[in-house]
Amino acid sequence: MVPPMKTTVEISGALLEAARKVAATEGTTLRELIEAGLRQTLADRKKPGEFKLRKASFRGKGLQTPLKGVSWDRLREMAYVGRFPALSVINPLTEKISGMAFES
């Protein structure tokens, strides 16, 4: 293990005061707070970019009345109706076949 080393770092006065207040509030030392921050920053930089799902909502009034109480599985099935024209898909609301069946 590498022994502790002394160094000088210039930081803004406001940042130093805020760090001192946090250290005092949490009952820790400024050194421990700085080391924890550096460890976290270094660990975050090693991680690959995290996936962030973009907000894709739209203005609406929620789920349509005929769909209330429908299971997620059924909603998913309905979302794919007509997307794969080579397959025959049953519409869960009407129980009718949509799309094209395989040719024999």
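Any read-out appearing in this document is the output of simple, stated calculations on the displayed coordinates, not a laboratory observation. Because the structure is a prediction, the values reported are computed rather than measured. We place every Cβ from the backbone using ideal geometry, glycine too, and count neighbours over all the protein chains shown.
Worth a mention:
- Packing rank of 1-8, 33-40, where each peptide gets the mean count of other beta carbons within 10 Å, highest leading: 33-40, 1-8
- Placing +1 on the Cβ of every Lys and Arg and -1 on the Cβ of every Asp and Glu, with nothing else charged, gives segment 1-41 a dipole about its Cα centre of roughly 60 debye.
- Remark: spin-label model distance Thr65-Leu30 equals 6.7 nm, labels positioned 7 Å along the Cα→Cβ axis.
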